[in-house]
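Asker: Pasting in a structure now, in structure tokens, and then I'll have a few things to ask.
The values are calculated or read from the model by the stated rules, or taken from the named source; none is laboratory data. These numbers were taken from a predicted model, which means no experiment stands behind them. So basically every Cβ, Gly included, is an ideal-geometry build from the backbone, and we count neighbours across all protein chains shown.
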């Protein structure tokens, strides 16, 4: 089976990773704009500084700048992520990695506002993925529609990791989410413990995950930057584990109750 849309080339399903879902190439228009800016600024500066200088060294400097900018663009150009039903491929130039969703043990999102020369500002999102084999993958503004790509990967990874987390909790293991952790007894953060029986609800405001107890008092405000696997953590907070986990299985995103 193959999949083709107006916005993507023809893709075949993968025999191991399953049906094709989406294709995310590098953001090549942005790369071209960046290359033009990176080339134009130093060249204009050289033209001003050496306006009265007649030397073959000047064109050689222009050529060197062009080579450096060209190397940067080519280094970023052939990058792409292809998402399938059971995993994804991660391409950097001629190197392609194949990854299954259950093998991604950590996904961390970091958002920030960046500025170019103090003139142009934009929001930047970086997703860092860690595999069980200690590999580190970066998904950032290099890719087109990085927000859509990151959310899609996080949803797929969350769906795949939920059964594994269920087993860990059943067996009494601690499941870490960055600086916070869950057990079947409760929530742990900064050497404090909130039993599930005392936990009431959560809210995400002011760049933090805020946890409230049964008295509707804020127990902790955890910065989002300090948390990993945030989507999975949210689903667990929506359906807290009980002492008998078999009667309260983890829910898939589609089944999660509305806040």
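Asker: Test of understanding: among 137, 129, 169, which residue is in contact with a helix residue (DSSP H, G or I) (Cβ under 8 Å, 6 or more places away or on another chain), surrounded by 12 or more Cβ atoms within 10 Å (Cβ to Cβ), outside any loop (DSSP other than H, G, I, E, B) and modelled with pLDDT of 95 or more?
Answerer: 129
Asker: Taking segment 88-107, which residues are in contact with a helix residue (DSSP H, G or I) (Cβ under 9 Å, 6 or more places away or on another chain) and closer than 18 Å to residue 148 by Cβ?
Answerer: 88, 101, 104, 107
Asker: For segment 172-192, name all the residues that are loosely packed, with under 13 Cβ neighbours inside 10 Å and under 18 Å from residue 227 (Cα atoms).
Answerer: 174, 190, 191, 192
Asker: Do you know which of the residues in segment 67-86 that are more than 22 Å from residue 125 (Cβ to Cβ) and out of contact with any helix residue (DSSP H, G or I) (no Cβ under 6 Å at 6 or more places or on another chain) is modelled with the lowest pLDDT?
Answerer: Per the criteria, the residue is 74.
Asker: Hey, can you tell me all the residues within segment 87-97 that are modelled with pLDDT under 85 and either closer than 24 Å to residue 225 by Cβ or crowded, with 17+ Cβ neighbours inside 10 Å (or both)?
Answerer: Across segment 87-97, there are no qualifying residues.
Asker: Considering only residues that are surrounded by fewer than 16 Cβ atoms within 10 Å (Cβ to Cβ), out of contact with any strand residue (DSSP E or B) (no Cβ under 8 Å at 6 or more places or on another chain) and in contact (Cβ under 8 Å) with a residue 24 or more places away in the chain, which ones fall in segment 15-37?
Answerer: If the condition is that a residue be surrounded by fewer than 16 Cβ atoms within 10 Å (Cβ to Cβ), out of contact with any strand residue (DSSP E or B) (no Cβ under 8 Å at 6 or more places or on another chain) and in contact (Cβ under 8 Å) with a residue 24 or more places away in the chain, then 28, 30, 32 are the ones that fit.
For every residue, the table says whether it meets (1) exposed (fewer than 14 other Cβ atoms within 10 Å of the Cβ); (2) modelled with pLDDT under 95; (3) under 20 Å from residue 26 (Cβ atoms).
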position: 99; (1), (2), (3): no, no, yes
position: 106; (1), (2), (3): no, no, no
position: 110; (1), (2), (3): yes, yes, yes
position: 114; (1), (2), (3): yes, yes, yes
position: 123; (1), (2), (3): yes, yes, yes
